[in-house]
Amino acid sequence: MKIMPIHFFKVCIASVLLTTFLGIANADEHRDMKGSDSIMHSMKDGMKKMEAMKMTGDVDKDFAMMMKMHHQQALDMAQIEIAQGKSPEMKEMAKKIVSAQKKEIAEFEAWLSKQR
């Protein structure tokens with residue numbers, strides 16, 4: 001069987017295009033996972049920090065310390081959504097979370113500073 005040069009060329013081009021397409025698809029999937037991985041890492045890191053906190057025995061103070069960290073985790077995850085998310089609705093929700101959490105973190109910090 002004789003392979004025609006033009007047929008061989010078409011097969012080569014098709015192979016290159018398919019390989020390129022698959023590479024782009026995998027790169028997009030990896031990029032999407034990077035953001036998700038960042039969110040998961042942020043949550044796990046925050047949980048480790050919360051678990052490492054020493055309780056004072058003062059419920060109010062312990063609540064403020066833990067909630068401040070909890071809100072920081074939400075803030076960190078929201079910032080990842082803003083930077084890497086695709087959904088306009090989720091990005092808007094993340095912006096609202098950033099605004100609200102920053103305010104509440106400041107309130108916890110102000111209250112905690114008076115307790116020292």
Just checking, does the range 10-29 include any residue being more than 30 Å from Leu112 (Cα to Cα), at pLDDT below 85, surrounded by 10 or more Cβ atoms within 10 Å (Cβ to Cβ) and under 15 Å from the mean Cα position of the chain (by Cα)? yes
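Across the range 61-76, which residue is surrounded by the fewest Cβ atoms within 10 Å (Cβ to Cβ) among those that are of a type in the set (D, E, K, R) and touching a residue at least 24 places away in the same chain (Cβ under 8 Å)?
First, the residues of the range 61-76 that are of a type in the set (D, E, K, R): 61-62, 68, 76.
Among the residues that remain, those that are also touching a residue at least 24 places away in the same chain (Cβ under 8 Å) are: 61, 68, 76.
On the way: Lys61: 15, Lys68: 19, Asp76: 18.
Checking each candidate, the answer is Lys61.
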Counted residues in the range 103-116 being exposed (fewer than 14 other Cβ atoms within 10 Å of the Cβ) and either under 19 Å from His41 (Cα atoms) or touching a Leu at 6+ places or on another chain (Cβ under 9 Å) (or both) come to 0
By residue number, the members of the range 77-99 that are surrounded by 14 or more Cβ atoms within 10 Å (Cβ to Cβ) and either of a type in the set (S, T, N, Q) or touching a Leu at 6+ places or on another chain (Cβ under 9 Å) (or both) are Gln79, Gln84, Ile97, Val98
Can Ala52 be described as loosely packed, with under 11 Cβ neighbours inside 10 Å, of a type in the set (A, V, I, L, M) and at pLDDT below 90? yes
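The values are calculated or read from the model by the stated rules, or taken from the named source; none is laboratory data. If you're wondering where the values come from, they're calculated on a predicted model, not measured in any experiment. Counting neighbours? That spans all protein chains shown, and the Cβs are built from the backbone with ideal geometry, glycine included.
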